[in-house]
Every structure is written in C-alpha cells, then in structure tokens.
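Worksheet for the structure shown next.
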Amino acid sequence: MVAGASDVGDNYIHRLAMDDPVPWYKKRHLRTMYLLLFPCVIGIEMTSGFDSQIINSAQLLPAWKHYFGNPTGAYNGILASALPLGSVIGLPLIPLVNDTFGRRWCIMFGSWVMVIGTLIQGFATNGPMYIIARGIIGFGLPYAIVAGSCLIGELGYPKERPILTSLFNACYFIGAIVAAGCTFGTQNIENDWSWRIPSLLQMAPSLLQIAFVFFLPESPRFLISKDRFEDAKAILIKYHAEGNSQSEFVMAEIAEIRTTLEIEMEHSKRSWLDMVRTAGMRRRLVIGSLLGLFTQLSGNVVISYFLGDVLKLIGYTDPSFQTKYNLGNQCWSLICGVSAALVVMRFRRRTMYLTGILSILAVYVSWTICTAVFIQNKSDVAAKMSLFWIYAYSPAYNLCFNALTYTYLIEIFPYAQRARGIAIFQFWGKAAQFFGTNVNPIGTLAIGWKYLLTYCCWICVEAILIWFLWPETSGRSLEELAFLFEDRQALEQSTAVASKRTAIHEEESEKHVAVIEAEKV
C-alpha cells in the first residue's frame with residue numbers, strides 16, 4: 001500500500017506504528033537499543049536527582065554543617081543554587097555543540113565536565129571551592145540533558161517514544177534515592193567523609209554515559225541534516241524494521257523525515273533569531289519558557305532541597321526521622337514517576353497537564369492549611385496530615401511536570417529548533433531553580449507557613465496559562481508536529497512530497513523484486 005498525501009497528513013506514520021502487533025521486547029535490535037538507552041541516556045536525569053538530595057540530605061549531617069560553618073539563609077541558598085547558576089552560564093553554546101557534532105558527542109562533553117566538577121566537589125576544602133565545583137557540574141549537566149532528550153525522541157519507535165521520553169525525567173528519583181540512601185548510610189561517620197562519599201558518588205551516572213553512549217546509534221534526523229542519508233536509512237531499517245529494507249513503515253518514515261527536514265532547513269537560518277521569527281515559533285518560545293518556570297516554581301524545590309526546614313515547621317526536628325522520611329518520599333516519588341510515564345499513551349497531553357496542575361493546587365492548599373493549624377494550635381493531627389500532603393504532592397507533580405516535560409518539548413519544537421527550544425526551557429528552569437533555592441530558605445525561616453501561600457497563588461496562575469496556551473500534541477509523529485502552529489500549506493507540501501517519495505521507493509522495490517523473480521525463472 002502506498003500512502004497518499006491525505007494518509008500521511010492524517011497521522012499515517014503514527015497509525016502504522018500503533019497497528020504494529022509485535023511488542024518492542026520481541027524485536028531484537030529495538031530491544032537492544034532500549035536497554036542501552038537506559039544507562040547512557042535515560043539515566044542522565046539521575047544526576048539532577050542525586051544533586052537535589054546531596055544538598056537536602058547534607059544539611060542534616062553534622063559534619064557537613066560544621067565544615068561549612070553552619071550555613072543558613074543566603075549562604076545556604078548559594079550552596080544549593082550554584083548548580084543551576086552554572087547551567088544558565090553553559091546554555092547558550094549547547095545548540096551549537098548538539099547540532100554540529102551530534103547528540104552523542106554533546107552527551108560525552110557534558111558528562112566529562114560533570115565528572116571533573118564532582119571530583120572537585122568531593123575534595124573541596126572550603127565553601128567557595130564547593131560552590132565552584134557545583135557550578136561546574138551545573139555547566140555540564142544541560143549539555144547531556146538537551147542532547148539526551150533529543151536523542152531519545154529521535155531514536156525511539158513512535159509507539160514507545162512518549163513512554164521513553166517520560167521515563168527520562170522519572171530517572172531523577174533513582175538518583176535521589178541513591179543519594180538519600182547513601183547519605184543515610186554515611187550519617188554515622190563522624191568525619192568529613194560522611195558528606196564527601198555521597199558527593200563523589202554523584203559522578204556515577206556520568207561515568208555510565210561515558211562508557212556506553214557510543215554503543216548507541218546517532219540520531220537519524222541529525223544524520224539526514226548532515227546529508228548522511230544512507231547512514232540514517234540504515235539505522236531506521238535496523239532498529240525500526242528489524243533489518244527489513246522493504247518495510248512500508250520505514251519507507252514512509254524516511255520519506256517524511258527527509259521532506260520535513262528539507263522544508264525546515266529551507267525556512268530556518270539555524271540561529272537564535274529563529275525562535276522569534278514567526279508567530280508559531282514565538283508561541284513555542286512562550287510555552288517552553290513557561291514550562292521551564294512551572295517545573296521549578298510549583299513548590300517542588302521546597303520539598304526537594306529544603307525538606308528539613310519544612311519538617312521543622314511542623315515539629316519534626318529529629319535528623320534521623322527527617323532522613324528516613326526523605327528517603328521514603330524519594331522511593332514513593334519513583335513509583336509515581338514511573339507509573340505516570342507508563343500511562344502517558346492512554347491520555348491526552350492537555351488532560352494530564354490540567355489534571356496534574358489542579359491536583360498540585362489542591363495539595364498545596366491543604367498542606368498550607370494543615371501547617372498553619374499546627375503552628376497556631378500545636379495539633380498533632382494537623383502535623384501528621386502535613387506529612388501526608390507532602391507525600392500526596394508527588395503523584396500530582398509527576399502526572400504532568402515530570403512525566404510530560406520532555407515528551408511535550410520534543411513534540412512542540414521541530415528538529416531545526418529543538419535543541420534551542422530545550423535549551424531555553426533549561427534556561428528558565430535553572431533560573432527558577434536558582435531563584436527558588438536562594439529564596440526558599442529565607443522565606444521559610446522569615447515568613448513560616450504563610451510563605452506557602454505564595455505558591456498557592458502562583459499555581460492558580462499556572463493552571464490558567466496551561467488552559468489557554470497548551471495545545472494538544474498526542475497521536476501524531478514528530479514530523480507532523482513540526483507544523484503544529486503554522487498554516488496547513490507547509491504540512492500539505494511535506495505530506496505531498498513524502499507520499500510521492502514513498503510511492504517511488506515502493507515502485508523501485510517492486511521492480512527490484514520482479515527482476516529477482518525473473519532471474520530465478
């Protein structure tokens with residue numbers, strides 16, 4: 001069957017993939033690629049999770065507090081926020097490295113930078129050295145995150161792509177659990193190694209990426225953008241068709257990718273100005289920027305980095321309890337994150353975002369009320385309910401901002417601007433994280449429970465913006481989504497040429513088969 005223009009434009013690639021009856025684990029090449037994706041790409045976010053708990057848990061360690069002079073307020077804030085500050089500094093050059101040298105080399109570069117920063121952090125001799133080390137880790141982290149998220153979306157088979165990109169963020173909690181568990185285990189060491197050991201272990205995810213990333217194929221879309229069409233074709237045939245060069249799906253996929261990239265490159269100057277050149281790109285820019293803010297300003301930083309201060313507000317001051325509660329929360333968050341990633345194909349994107357943000361609002365309002373009741377009345381029930389609402393925050397947050405973040409970013413930004421779009425998301429996300437990690441310790445100490453009210457109000461604003469700005473992206477291929485905000489002329493041009501190329505390819509294949517049959521006769 002040859003795809004007509006209307007077929008390709010009407011989710012043709014997506015329908016072919018969804019109708020494929022063979023599951024991924026029964027496809028040898030695809031299974032191998034997915035298993036390799038975990039340690040060297042999907043696991044990149046483990047570094048972010050590890051970092052949040054390094055700071056969160058280290059603040060509970062007497063040796064760490066003594067070594068750095070019992071940091072509080074602004075000093076405590078900069079110790080935590082040095083990493084996002086380093087990320088903001090490193091972001092402008094990421095698209096250049098990612099689109100010039102490829103996704104794998106960008107991951108390799110970022111990973112080596114993080115290893116160097118981790119070594120300096122683990123052997124820091126004073127506060128400034130510790131802060132600089134965290135800035136270096138932050139500088140390298142977004143190189144790996146941007147390239148890794150692009151590679152997952154561009155390598156994954158369309159049937160599993162949303163799940164893979166959703167699991168990318170869920171791995172945050174694996175790093176958080178390892179860090180929280182390690183710090184819990186080293187808290188009885190009565191010297192500096194109680195915090196140096198966890199600090200040095202932060203390089204583990206980066207070492208995995210360095211060891212395994214070149215076992216993965218390069219992004220076919222990157223290869224086609226560099227006129228390496230045959231290399232890209234070979235990768236798609238091997239992993240998306242299990243070596244079947246006559247696969248109807250791969251013929252249609254290659255034609256669509258090649259055509260869409262040609263149209264994109266024709267209208268793109270591959271510069272930062274592309275992000276504001278058209279109305280469609282400006283809307284993408286606004287959504288990507290807001291998503292960066294929302295992922296870090298929805299109250300999660302309070303729990304991720306300053307849980308000890310929050311627990312003190314409701315009377316839980318025992319470091320042992322705080323550490324155990326924190327470790328349990330990270331394990332629970334991993335379950336919620338993976339569960340949300342596995343159901344991402346069952347619901348529409350807008351439905352998940354709106355359900356998630358309204359759930360976050362309900363949790364924050366309830367948590368604020370319970371905390372206020374405890375402080376005013378010393379109610380033991382209110383304190384325990386506060387503990388419950390902190391745990392209830394995780395499924396709400398994971399439903400939208402964890403599970404969907406990179407899935408959505410990869411879908412709304414076309415290939416030519418994808419690295420810049422994710423870099424902009426990272427800029428606003430890290431800037432918001434820098435702001436939050438500096439302001440939250442001051443706010444919780446100076447204002448107490450009333451500080452949580454500011455998040456309740458802001459989350460209301462987030463819900464309104466998501467309702468009016470977020471488009472639906474589910475059920476379409478990346479190439480179809482490349483023209484999400486543009487008029488239909490570009491889409492029709494792409495689908496017409498793609499269908500023509502598919503037909504030509506199939507006709508040539510049929511002639512080749514006929515020649516072979518004739519030779520046999």
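Kindly establish whether residue 263 is of a type in the set (Val, Ile, Thr) and at pLDDT 85 or above. Taking the combined requirement at face value, the residue does not satisfy it. Among the residues of the stretch 233-255, is there at least one that is closer than 30 Å to residue 138 by Cβ and acidic (Asp, Glu)? No: the stretch 233-255 contains no residue that is closer than 30 Å to residue 138 by Cβ and acidic (Asp, Glu). Quick one: how many residues across the stretch 21-58 are modelled with pLDDT under 85 and open to solvent by 30 Å² or more (accessible area, probe 1.4 Å)? Count: 1. Candidates 412, 390: the one that is among the β-branched types (Val, Ile, Thr), within 20 Å of residue 170 (Cα to Cα) and either at pLDDT 90 or above or buried (at least 24 other Cβ atoms within 10 Å of the Cβ) (or both) is 390. The condition (being open to solvent by less than 50 Å² (accessible area, probe 1.4 Å), within 20 Å of residue 103 (Cα to Cα) and part of a helix (DSSP H, G or I)) is satisfied by just one residue among 233, 238: 233. A single member of 434, 347, 401, 388 is on the phi < 0 side of the Ramachandran plot and outside any helix (DSSP H, G or I), and it is 347. Taking residue 421 as the residue in question, decide whether it is within 29 Å of residue 153 (Cβ to Cβ), buried (at least 24 other Cβ atoms within 10 Å of the Cβ) and modelled with pLDDT of 90 or more. Yes.
Residue-level check: of (1) in a helix (DSSP H, G or I); (2) open to solvent by 10 Å² or more (accessible area, probe 1.4 Å); (3) at pLDDT 65 or above, residue 483 misses just (1). Kindly indicate the residue of the stretch 189-214 that is hydroxyl-bearing (Ser, Thr, Tyr) and at pLDDT below 90 and also nearest to the chain's Cα centre (by Cα) among those meeting that condition. The selected residue is 199.
Yes or no, residue by residue, for (1) surrounded by fewer than 22 Cβ atoms within 10 Å (Cβ to Cβ); (2) farther than 20 Å from residue 477 by Cα; (3) of a type in the set (Phe, Trp, Tyr); (4) free of Cβ contacts under 8 Å to residues at least 24 places away in the same chain:
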site: 213; (1), (2), (3), (4): no, yes, no, no
site: 251; (1), (2), (3), (4): no, no, no, no
site: 259; (1), (2), (3), (4): no, no, no, no
site: 282; (1), (2), (3), (4): yes, yes, no, yes
site: 285; (1), (2), (3), (4): yes, yes, no, no
site: 292; (1), (2), (3), (4): no, yes, no, no
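Of the residues making up the stretch 28-84, those that are among the hydroxyl-bearing types (Ser, Thr, Tyr), in contact (Cβ under 8 Å) with a residue 12 or more places away in the chain and either touching a strand residue (DSSP E or B) at 6+ places or on another chain (Cβ under 6 Å) or part of a helix (DSSP H, G or I) (or both) are 34, 47, 48, 52, 57, 67, 75, 81. Listed by position, the helices (runs of 4 or more DSSP H) inside the stretch 93-199 whose residues that are surrounded by fewer than 21 Cβ atoms within 10 Å (Cβ to Cβ) and free of Cβ contacts under 8 Å to residues at least 12 places away in the same chain number at least 3 are 94-101. Tell me, yes or no, whether the stretch 213-224 has at least one residue that is of a type in the set (Ser, Thr, Tyr) and closer than 20 Å to residue 142 by Cβ. Yes, there is a match, as at least one residue in the stretch 213-224 is of a type in the set (Ser, Thr, Tyr) and closer than 20 Å to residue 142 by Cβ. Selection within the stretch 460-480: residues that are crowded, with 16+ Cβ neighbours inside 10 Å and among the β-branched types (Val, Ile, Thr). The member of this set that is modelled with the lowest pLDDT is 473.
The values are calculated or read from the model by the stated rules, or taken from the named source; none is laboratory data. These numbers come from a predicted model, not from an experiment. When we count neighbours, we look across all protein chains shown, and the Cβ atoms used for this are built from the backbone with ideal geometry, even at glycine. Heads up: the accessible areas ignore ligands, DNA and RNA and are worked out on the full protein's heavy atoms, side chains in. Shrake-Rupley method; radii C 1.70, N 1.55, O 1.52, S 1.80 Å.
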